[in-house]
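In what follows, a single structure is set out as C-alpha cells and then discussed.
The values are calculated or read from the model by the stated rules, or taken from the named source; none is laboratory data. Owing to the predicted nature of the structure, the values given are computational and were not obtained by experimental measurement. When we count neighbours, we look across all protein chains shown, and the Cβ atoms used for this are built from the backbone with ideal geometry, even at glycine.
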Amino acid sequence: MIIFLYGKDTFRSKESLRKMIAKFKTDRDPSGYNVIHLDALTEKPRVIMTELHGVPFLAEKRMVIIEHALESKHAELHEKIQHMLSQEHEIPATTICVLYEKIDTHKAKLQKELLKKLGETKYAQRFDLLTGSELKNWIITYAKERGLELDRISLDYITTHSKGDTWFLHSLIEQLAQYCAHTPCSLDIVKLFLRETGDDNIFNLIDAIVTKKPERVFSMIREQYEKGEDAQYIFAMLIRQFRIMLELKDVLTRSPATPLDVLATSLGLHPFVVKKTIPLLHSYPLDTLKKFYTDLLTLDHDTKTGKGSMPVSIDVLVGKICTL
C-alpha cells in the first residue's frame, strides 16, 4: 500500500501525516515500534528498501515514512519507486509506505513521471497553497478547533495579511487562542500579533537586534533600506524598544513582584507588550540598558549636528548590542 502526500502547503501536509501516524499507533501499534521514519536525502536506497520489506514486530502492519524520495540524488531509489508502482506485489501487504514530498513539480524526466504517477494513485493527497474562500474556511475551522471565535472583520484582516502561510497562521491562531482565552478576539487584538507586512519586517528586525542575532540583523537592515525605509525610522523603533526595556527593568529592579497589569498601566503599555518584553530583560543588566539608551541619544544628537552618519552609526551600535 502506498500513500502519497505532496504539495507546497507543508503545514497541512505535515498535519495530515501527523494524524495518520497517530491513528496508526492508536489502531495498530500503541508501542510505536512499527513506525519507521526515513529521509531519502540522507539514507541510502538499500536501507530504505530493507525497511520497506521488514517484518512487523508484535503487530500486523508496519508504517514506513519516506521523505524527499523524489528529491534524492540516488537514481537507484527512483528506479525502485518506479518498480514499486508497476509491480502490484512489490511491497509486502504488511507494509504501509508513506511517501512525503514538499514539491509538486520536478524538472528531471524520471522524477517528473514518478510525480505524475504517484499523484494518480488511490491514496494520493495534494496540498496546494490555499487562497480566497478556501483559505478563509481553513482559518475558521482551525481557529474553532482551538476554541477561538473570530468575527468577520478579524477574519478578513487575517486572511488578507497572512498571505496564505499556514505555518504562520498556525502560530498566530495558537497565540490568539491563548491570549483570548477569557476575552473576545477583536481586530485590535489581532493587530497586536499580526501587523501589515511593511510593519512586520521592522518589528522582526528590532526583535533580532535585542535578542542578539547578528547573523540576521545586518541583512535585515539592508532589506529595510531597499524597501525605501530610512535609517531614522530604524533608529526611532530601536530607541522606542530600549526605552520600554529600560522603564520595565527599572520598575522590576525596585519592585520585582509588580504584577503585569500594574506594570502595563503605570507605563502606559499594552499588557502584551509588557509580557513579550520581560523575558528579554534577563540578558540586559540595568546599567547596560542605561548605557545603550544613552548611546542612542548621543547617536541622535551627533547625526543631527553633522558629527556622523546615521546608517553607519546604527550599524556600529547594533554590532555592539549583538556582541555584548
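Is it the case that some residue within segment 275-295 is farther than 30 Å from GLY308 by Cβ and of a type in the set (Ser, Thr, Tyr)?
no
Looking at segment 209-229, which of the residues that are of a type in the set (D, E, K, R) and touching a residue at least 12 places away in the same chain (Cβ under 8 Å) is nearest to LEU289 (Cα to Cα)?
Among those residues, the one meeting the criterion is LYS212.
Testing PRO56 on (1) out of contact with any Lys or Arg (no Cβ under 9 Å at 6 or more places or on another chain); (2) more than 23 Å from LYS102 (Cα to Cα), one condition comes back false. Which one is that?
Against the list (1) out of contact with any Lys or Arg (no Cβ under 9 Å at 6 or more places or on another chain); (2) more than 23 Å from LYS102 (Cα to Cα), PRO56 comes up short only on (1).
When segment 121-154 is examined, which residues are found to be over 20 Å from the mean Cα position of the chain (by Cα) and either among the charged types (D, E, K, R) or part of a helix (DSSP H, G or I) (or both)?
LYS122, ARG126, GLY132, SER133, GLU134, ASN137, LYS144, GLU149, ASP151, ARG152, ILE153, SER154
Being assigned to a helix (DSSP H, G or I), at pLDDT 85 or above and over 30 Å from the mean Cα position of the chain (by Cα): is that true of LYS117 here?
So LYS117 passes the test.
Test LEU280 against the stated conditions and say whether it is out of contact with any Cys (no Cβ under 6 Å at 6 or more places or on another chain), surrounded by 17 or more Cβ atoms within 10 Å (Cβ to Cβ) and over 23 Å from SER255 (Cα atoms).
No.
Quick check on LEU135: is it of a type in the set (A, V, I, L, M, F, W, C), at pLDDT 85 or above and closer than 30 Å to LEU155 by Cβ?
yes
Can you pull out every residue in segment 300-324 that is outside any helix (DSSP H, G or I) and either in contact (Cβ under 8 Å) with a residue 60 or more places away in the chain or in contact with a Ser or Thr (Cβ under 8 Å, 6 or more places away or on another chain) (or both)?
Listed by number, the residues that qualify are SER309, THR323, LEU324.
Give, as residue ranges, the helices (runs of 4 or more DSSP H) completely inside segment 157-227 that count at least 2 residues that are over 29 Å from ASN137 (Cβ atoms).
Answer list for segment 157-227: 197-210, 214-226.
Inspect segment 77-91 for any residue being among the β-branched types (Val, Ile, Thr) and surrounded by fewer than 20 Cβ atoms within 10 Å (Cβ to Cβ) and give the result as yes or no.
The answer is yes; a qualifying residue exists.
Taking segment 75-114 as the region of interest, how many residues are assigned to a loop (DSSP other than H, G, I, E, B) and under 29 Å from PHE57 (Cβ atoms)?
Number of matching residues: 9.
Among residues belonging to segment 283-304 that are surrounded by 14 or more Cβ atoms within 10 Å (Cβ to Cβ) and of a type in the set (S, T, N, Q), point out the one that is farthest from LEU252 (Cα to Cα).
Going through the qualifying residues, I end up with THR303.
How many residues are crowded, with 17+ Cβ neighbours inside 10 Å, hydrophobic (A, V, I, L, M, F, W, C) and in a loop (DSSP other than H, G, I, E, B) when one looks only at segment 35-46?
Of the residues in segment 35-46, 1 are crowded, with 17+ Cβ neighbours inside 10 Å, hydrophobic (A, V, I, L, M, F, W, C) and in a loop (DSSP other than H, G, I, E, B).
Would you be able to say whether some residue in segment 237-259 is modelled with pLDDT under 85 and assigned by TED's automatic domain parsing to the domain that holds SER313?
yes
Could you tell me whether LEU289 is part of a helix (DSSP H, G or I), touching a Gly at 6+ places or on another chain (Cβ under 9 Å) and within 20 Å of LEU324 (Cα to Cα)?
Here the answer is no, as LEU289 does not meet what is asked.
Of LEU248, LEU281, LEU263, LEU297, which residue is assigned to a helix (DSSP H, G or I), without any contact (Cβ under 8 Å) to a residue 60 or more places away in the chain and in contact with a Lys or Arg (Cβ under 7 Å, 6 or more places away or on another chain)?
From the options LEU248, LEU281, LEU263, LEU297, the qualifying one is LEU281.
Identify, please: which residue in segment 21-34 is surrounded by fewer than 19 Cβ atoms within 10 Å (Cβ to Cβ) and hydrophobic (A, V, I, L, M, F, W, C) and is, among those, nearest to HIS53 (Cα to Cα)?
The qualifying residue nearest to HIS53 (Cα to Cα) is ILE21.
Could you tell me which residue of segment 101-130 is surrounded by the fewest Cβ atoms within 10 Å (Cβ to Cβ), considering only residues that are in contact (Cβ under 8 Å) with a residue 12 or more places away in the chain and among the polar types (S, T, N, Q)?
Applying the filter and picking the extreme gives THR121.
Show the residue pairs meeting these rules: Cβ distance below 8 Å; 6+ apart or different chains; first residue within segment 13-28 and farther than 29 Å from ASP165 by Cβ; second residue of a type outside the set (Gly, Ala, Ser).
LYS25/VAL35; ARG28/ASN34; ARG28/GLU60; ARG28/LYS61
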